[in-house]
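For reference, the structure is listed below as structure tokens.
Since every read-out is calculated from the coordinates, none of them should be taken as a lab result. Since the model is a prediction, treat every value here as computed from it, not as a measurement. Counting neighbours? That spans all protein chains shown, and the Cβs are built from the backbone with ideal geometry, glycine included.
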Amino acid sequence: MARAPAETAPLFQPSPALNDALLDWYAERARPLPWRGEGLSLYRTWVSEVMCQQTRVDTVIPYFERWMRAFPTVEHLANAPLDDVLAHWSGLGYYSRARNLHAGAAVVVAAGGFPTTLAGWRALPGVGEYIAGAVGSIALGLDSPAVDGNLERVLSRVHRHPGGRPAITALAQRLLPPGRAGDWNQALMDLGASLCAPRAARCGECPIRAHCGAGQLGEADRWPAAKERKVAPERAAVGALVRDGDRILFGQRLPEGLFGGLFELPGLLLPKGAATDEAALRGALQLGLMEALGVDAHIGGAVGQVAHVLTHMRLQLVIFEVQLSGEPAAQPGGAYQGLRWLGRAERGGVGLSTLASKALALADAAPSSQGSLF
């Protein structure tokens, strides 16, 4: 079926009947999440919303529960070492979220308490319009919309609107029921996460179908308007598996940038368009290790390669067995702020990206021997 044209639909008036049906459904069918109900607080709402950005709720739940055991209050988070914070975030991805939470907690503690206005929340590191609206409406009772992908999709279908975050946010501000914005936002999120899915919407089970333009016409798939998706370019990287008995050498990345503050097998991302034959990869790794670790390296056999997809690139990491000529040290101006030898039992105490965990699993499975992928 053809997608919706990029036309501008009018801003519709609030519908008390729609809102009543939606909120009644939410009262009966709300997802039992650990940050709702008795678990509701400003701190827990903030953490949950940050974790749920670009991550599925069912993936977030165990991370959230582990996080709350480690950092039960904003004071615990503010006083924790960043390494510990990143270790508890390992596997969730988009690590700037963890760094921003840590920095934001320090701001809150220094200020003597949480912000009480949307502007105050937006002033915290990493907090934009959505998180400020979600925390403000859910935990502070403010009449603010919180438009995520689910809410945007539902309102786009209800009003047969082409979508777009700014336009739907303005529409949501007009439509939300005063005094019930928190429940209204969460009800639309839950509806979009279940019945009003991106594909194969279950309109026959929807509590607001009688008020939904797309649902009434059987054209849910037309709304919102299709967005052009860009294919992330492929990039190559090389990593070094350096062993000392049962220990492996890790580098801790600089605090900012991609994988900031996390640990990984030492290596480097190759420039765009760089050659990826065996000789080129070996040469790049040898030069990169000299610049990052300050020692010459003998590049041995290829252990294997792992693939990892980021929002802006599709990464292919090739790992080589490496022997160093001397004691390595993080070099000024290099990629790492520090180095650490870690045995198996110590790795759970540091922050590892999903890419680093994949590389480590490959390294653990590989015998200490020379090989070739080429």
Expressed in angstrom and ordered largest first, the alpha-carbon extents of the chain along the principal axes are 74, 53, 31
Positive-end residue of L92, A170, W46, charge dipole of the range 16-222 with Cβ unit charges
A170
Using the beta-carbon distance between D143 and S194 and R0 = 41 Å, what value does 1/(1 + (r/R0)^6) give for FRET efficiency, to the nearest 0.05?
0.95
DSSP beta bridges in the chain, what fraction antiparallel, as a percent rounded to 5?
70 percent
One-quarter of the Cα convex hull surface for the range 148-242, in nm²?
9.8 nm²
In the range 182-222, what is the volume of the convex hull around the alpha carbon atoms, normalised per residue and reported in Å³?
70 Å³
Can you give me the C-alpha center-to-center distance between the range 107-141 and the range 216-248, rounded to a whole angstrom?
30 Å
Under unit Cβ charges (Lys, Arg +1; Asp, Glu -1), what dipole magnitude, rounded to 20 debye, does the chain have relative to its Cα centre?
780 debye
Once the convex hull of the alpha carbons of the range 234-365 is built, what does its volume come to per residue, in cubic angstrom?
103 Å³
Cα-based Kirkwood hydrodynamic radius, the range 16-222, one decimal, Å:
17.7 Å
Using DSSP loop states and a limit of at most 16 other Cβ atoms within 10 Å to flag trypsin sites (Lys or Arg not before Pro), what is the longest stretch of the chain containing no flagged site?
57-198
Proximal lysines to K358, defined as alpha-carbon separation beneath 29 angstrom and excluding residues fewer than eight positions away on the same chain
K230, K272
Magnitude of the Cβ-charge dipole of the range 246-346, K/R +1 and D/E -1, about the Cα centre, nearest 20 debye?
260 debye
A chain fully extended from A274 to Q337 at 0.36 nm per residue, minus the present Cα-Cα distance, gains in nm 20.1 nm
